[in-house]
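A.B. asks: Structure incoming, see below.
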Amino acid sequence: VSNSITLTATVTDGDGDKASASIDLGNKLKFHDDAPTVITNTISTELVVDETDLTINATQDFSGAFTVSTGADGGTTAYTLGVSGLGADSGVIDTATGHKVYLYLENGEVVGRVGDANGANPSGAIAFKVTVDAATAEVTLDQQRALEHNDPSDHDDVVSLVSNSITLTATVTDGDGD
């Protein structure tokens with residue numbers, strides 16, 4: 001609003017005469033907004049399940065993978081999962097069928113579904129699920145079917161998904177919507 005704040009200078013000479021002039025100071029006051037920031041950190045946290053008992057899930061806190069600042073406005077952080085592409089090859093194979101497992105994003109969860117002889121099958125059996133608590137970044141791996149391992153003589157052989165096939169994203173929104 002014009003002239004909402006003014007600055008007036010008044011000068012008085014030796015015999016008491018006065019002169020004044022004013023400027024609009026309101027348009028001279030500037031308030032820069034800050035913005036939230038997110039920086040990724042290298043972490044060693046992993047989710048490891050053991051096929052010995054498929055009812056036991058693995059859960060880990062991945063919030064340390066991010067340094068978050070909401071700035072002076074305060075704000076919130078939300079964590080979400082993503083996949084490299086719907087129906088992307090996960091890099092693992094279902095033991096019972098010998099078919100590859102493909103990745104889908106279903107209601108915010110990553111679901112590894114068993115394909116068929118033709119490839120990806122969005123209605124295939126669920127081999128595993130990955131979920132995240134949107135407020136805390138606690139990620140859970142729920143393996144539901146056995147997967148093929150490279151070394152059948154090693155009962156502790158480990159298989160992993162293809163790199164960058166599943167992502168965890170931190171989204172920071174500050175108090176004024178930035």
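A.B. asks: In the stretch 93-109, which residues are surrounded by 14 or more Cβ atoms within 10 Å (Cβ to Cβ) and in contact with a Ser or Thr (Cβ under 8 Å, 6 or more places away or on another chain)?
C.D. replies: Of everything in the stretch 93-109, those that are surrounded by 14 or more Cβ atoms within 10 Å (Cβ to Cβ) and in contact with a Ser or Thr (Cβ under 8 Å, 6 or more places away or on another chain) turn out to be LYS100, VAL101, TYR102, LEU103, GLU109.
A.B. asks: Being open to solvent by less than 30 Å² (accessible area, probe 1.4 Å) and either modelled with pLDDT under 95 or not in a strand (DSSP E or B) (or both) is the requirement here; does GLY112 meet it? It would help to see each step written out before you state the result.
C.D. replies: On the way: open to solvent by less than 30 Å² (accessible area, probe 1.4 Å): yes; either modelled with pLDDT under 95 or not in a strand (DSSP E or B) (or both): no.
Taking the combined requirement at face value, the residue does not satisfy it.
A.B. asks: Follow-up question, since we're still on this one. Evaluate the following for THR67: is it open to solvent by 60 Å² or more (accessible area, probe 1.4 Å) and in contact with a His (Cβ under 9 Å, 6 or more places away or on another chain)? Give the steps one after another, and end with the answer.
C.D. replies: On the way: open to solvent by 60 Å² or more (accessible area, probe 1.4 Å): yes; in contact with a His (Cβ under 9 Å, 6 or more places away or on another chain): no.
Considered against the rule, which asks whether it is open to solvent by 60 Å² or more (accessible area, probe 1.4 Å) and in contact with a His (Cβ under 9 Å, 6 or more places away or on another chain), THR67 comes out as no.
A.B. asks: Working only within the stretch 115-136, note down all residues that are part of a strand (DSSP E or B) and of a type in the set (Val, Ile, Thr).
C.D. replies: If we filter the stretch 115-136 for residues that are part of a strand (DSSP E or B), which is where we start, we get 116, 119, 126-132.
Scanning the stretch 115-136 gives ILE126, VAL130, THR131, VAL132.
A.B. asks: Across the stretch 74-104, which residue is nearest to ASN121 (Cα to Cα) among those that are more than 20 Å from the chain's Cα centre (by Cα) and outside any strand (DSSP E or B)?
C.D. replies: Among those residues, the one meeting the criterion is GLY87.
A.B. asks: Can I ask one more? Kindly establish whether THR76 is exposed (fewer than 15 other Cβ atoms within 10 Å of the Cβ) and of a type in the set (S, T, N, Q).
C.D. replies: Details: exposed (fewer than 15 other Cβ atoms within 10 Å of the Cβ): yes; of a type in the set (S, T, N, Q): yes.
In short, yes.
A.B. asks: Next question, about the same structure. Taking the stretch 148-171 as the search range and keeping residues that are among the hydroxyl-bearing types (Ser, Thr, Tyr) and assigned to a loop (DSSP other than H, G, I, E, B), which one is least open to solvent (accessible area, probe 1.4 Å)? I'd like the intermediate steps shown before the answer.
C.D. replies: The first filter runs over the stretch 148-171 and keeps only residues among the hydroxyl-bearing types (Ser, Thr, Tyr), leaving 153, 160, 163, 165, 167, 169, 171.
With assigned to a loop (DSSP other than H, G, I, E, B) added as a condition, the list becomes 153, 160, 163, 165.
Numbers: SER153: 103, SER160: 85, SER163: 97, SER165: 5 Å².
Checking each candidate, the answer is SER165.
A.B. asks: Restricting attention to the stretch 137-146, which residues are open to solvent by 60 Å² or more (accessible area, probe 1.4 Å) and either of a type in the set (Phe, Trp, Tyr) or outside any strand (DSSP E or B) (or both)? Outline the logic, then answer.
C.D. replies: Initial filter on the stretch 137-146 (open to solvent by 60 Å² or more (accessible area, probe 1.4 Å)): 138, 144-145.
Hits for the stretch 137-146 are GLN144, ARG145.
A.B. asks: Condition first: loosely packed, with under 13 Cβ neighbours inside 10 Å, among the hydrophobic types (A, V, I, L, M, F, W, C) and not in a loop (DSSP other than H, G, I, E, B). Now tell me which residues in the stretch 24-64 satisfy that.
C.D. replies: Correct list: ILE39 only.
The values are calculated or read from the model by the stated rules, or taken from the named source; none is laboratory data. These figures come from a predicted structure and were not determined experimentally. We place every Cβ from the backbone using ideal geometry, glycine too, and count neighbours over all the protein chains shown. Calculation scope for accessible area: heavy atoms of the full protein, side chains included, ligands and nucleic acids excluded. Shrake-Rupley method; radii C 1.70, N 1.55, O 1.52, S 1.80 Å.
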